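Take a look at the structure below.
The values are calculated or read from the model by the stated rules, or taken from the named source; none is laboratory data. Predicted model only: the values in this text are computed from it and were never measured. Here the Cβ positions follow ideal geometry from the backbone for every residue, glycine too, while neighbour counts run over all protein chains shown. For accessibility, only protein heavy atoms count, side chains too; no ligands or nucleic acids. Shrake-Rupley method; radii C 1.70, N 1.55, O 1.52, S 1.80 Å.
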Amino acid sequence: MGKSQQPPSSQTFLIDAAIMLHRFGTPSHRLERVMGKVAAALGIHGEFLYTPTALVISLRDSSGDEMTVIRRVDSGPVNVDKLIRFDELLTRVERGEMTVDAATTEMEQIEQAKALYGPPVYIAACAVACAAVAVLFAGTPWEIALAGLVGALVAGIELLYEHWRLELGLLELLAGVVAATSSLLVACYVVPIDHRLVTLAGLIILIPGLRLTVALTELAVGHLSAGVARMSGALVSLATLFVGAILVWRLLDRFQPQMGPRLPLASDWQWVALAVAPVAFAIVFRAAWRQWPVIALVSVLGVVVSWAAGPRFGIEVASFLGALSVGCGSNLYARIRDIPALVPQTPGMLILVPGSLGYRSLSALSQQQTVEAVQYGFEMVVIASSLVGGLIVSNVIIPPKRIL
């Protein structure tokens with residue numbers, strides 16, 4: 001590697017910026033494009049190869065000297081608040097309105113900033129989101145209430161897991177065991193409920209449906225290494241969640257309860273759940289309250305379009321049109337407000353993604369219902385592919401102003 005004439009601070013900033021975007025859960029195709037533009041604005045030719053567990057960065061200055069850096073970084077969850085602040089920072093650097101040194105200082109402040117919401121608010125949001133999902137699954141009042149409690153318990157385990165920095169991969173297994181155990185014990189000794197529905201709704205925050213959809217998007221736009229890696233990780237996470245649940249179901253098989261009569265809530269409550277769920281997911285993704293209205297609007301638009309098209313055209317067309325609505329709405333808002341389209345798009349897509357179908361497929365396999373398992377699995381892939389198609393077409397109809 002030759003001696004570079006480019007100030008080292010510029011190269012260090014680009015490396016740190018790429019790592020930070022990685023940790024904020026940015027998809028590969030967006031990260032690579034935005035970092036390429038920022039590098040060009042700094043007079044550096046940058047090549048960025050991103051996978052969910054690693055970054056390979058090649059930087060070449062005007063003299064032709066090149067340096068290559070490899071970083072092992074785990075992809076984190078989407079943090080909307082920090083993503084907005086960081087996008088504004090990169091915009092100012094790209095426009096030459098901020099020096100690299102000042103941007104580095106502010107970038108460190110963004111990274112070290114406290115979480116937008118404390119643990120109690122985060123746990124409450126997870127509980128509300130899980131309860132809302134149980135409503136959409138046509139659960140009974142008892143099942144909805146218990147799903148919220150299980151969701152709060154799983155969120156607490158997630159926070160403790162992050163605080164104690166436990167072994168990677170243990171979270172999903174532990175969450176599956178706790179959710180299945182608590183649901184089954186309540187069904188046996190408190191009130192007869194569908195404990196499998198409660199387990200699914202209580203785990204909805206950890207079910208990697210969104211990661212699966214992002215993986216298919218990366219594959220569709222040609223980012224094969226990132227797409228395959230993310231899809232593999234999503235499927236392993238889903239399998240680990242299910243292993244935790246099935247261990248409990250097998251060990252406590254003699255306690256299997258008899259379900260009583262199920263009296264789901266009136267269908268009107270689904271509209272209440274649809275109004276509440278996007279705000280809960282917005283808090284889970286650390287979106288500021290100023291973003292809640294647009295997140296709720298985009299999310300409700302996508303689901304309503306999907307519900308309206310489903311009975312007439314089928315689930316595939318409904319998923320495509322739902323994702324198209326979410327994508328167009330997000331891109332339009334991004335163009336008007338000059339913020340990342342990921343802000344409303346991520347919570348909006350989370351309600352549409354078919355993660356629960358993957359869980360149900362594994363559940364059917366565990367009960368030797370092979371035909372149903374294959375049907376659920378195939379339906380999951382078809383719906384996820386339809387969602388990806390809708391998002392890609394939305395970027396053609398209304399191109400986002402910003403890459404993120």
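Counting only protein heavy atoms and a 1.4 Å probe, tell me what percentage of segment 166-280's accessible area is made up of carbon and sulfur. Taking all protein chains in place, segment 166-280 shows 69 percent carbon and sulfur surface.
Pairwise alpha-carbon distances in segment 205-301 exceed 15 Å for 76% of all pairs. Computed from the C-beta positions of L224 and V272, the FRET efficiency with R₀ = 51 Å rounds to 0.75.
One quarter of the surface of the convex hull around the alpha-carbon atoms of segment 290-329 equals 2.3 nm², the direction-averaged projected area.
Packing order of peptides 50-63, 359-372, highest average first: 50-63, 359-372 (average count of other Cβ atoms within 10 Å over each peptide's residues).
Using a probe of 1.4 angstrom and keeping all protein chains present, the accessible surface of segment 1-99 works out to 44 square angstrom per residue.
Near F24: Cβ cut-off under 13 Å, other residues only, Lys/Arg at +1 and Asp/Glu at -1. The net charge is 0.
Within the shell of other residues whose beta carbon sits under 12 angstrom from the beta carbon of F285, the net charge comes to +1, with Lys and Arg scored +1 and Asp and Glu -1.
Stretching T68 away from S9 to a fully extended chain increases their span by 19.7 nm, per 0.36 nm per residue minus the current alpha-carbon distance.
Within a straight-line Cα-Cα reach of under 15 Å, K401 can be paired with the following aspartates and glutamates, leaving aside sequence neighbours fewer than 8 residues apart in one chain: D87, E88, E94, D338. The shape of segment 1-130 can be summarised by an equivalent ellipsoid whose semi-axes, obtained from the alpha carbon gyration tensor, come to 30, 16, 11 Å from longest to shortest. Which of the three applies to segment 308-373, rounded, prolate or oblate, going by the alpha-carbon gyration tensor with a ≥ b ≥ c and a/c under 1.5 meaning rounded? Oblate, because a/c is 1.5 or more while a/b does not exceed b/c. Choose one answer from A127, A180, A103: the residue with the largest mean-square fluctuation in a GNM of the chain with alpha-carbon springs under 10 Å. Between A127, A180, A103, it is A103 that shows the largest mean-square fluctuation. Build a GNM of the chain with springs between Cα atoms under 10 Å apart, and of D101, D268, D65 the one that fluctuates most is D268.
Note on S58 and V317: their simple-model spin labels are 4.6 nm apart, each label 7 Å out from Cα toward Cβ. A simple count of charges around A138, restricted to other residues whose Cβ falls under 15 Å of its Cβ and scoring Lys, Arg +1 and Asp, Glu -1, yields 0. Measuring nothing but protein heavy atoms, the accessible surface of segment 1-147 at 1.4 Å probe radius is 55 percent carbon and sulfur.
Annotation: extensible slack from W307 through R337 equals 7.9 nm (criterion: 0.36 nm per residue apart, minus Cα-Cα distance). Of [x] 22.1, 76; [y] 28.6, 96; [z] 21.3, 63, which one was derived for Rg and Dmax of the Cα atoms in Å from the structure shown? Comparing each candidate, only [x] matches the computed number. Just checking the listed ones, T213, T99, T199: in the Gaussian network model of the chain with Cα springs under 10 Å, the one fluctuating most is T99. Segment 47-75 and segment 122-167 have Cα centres separated by 38 Å.
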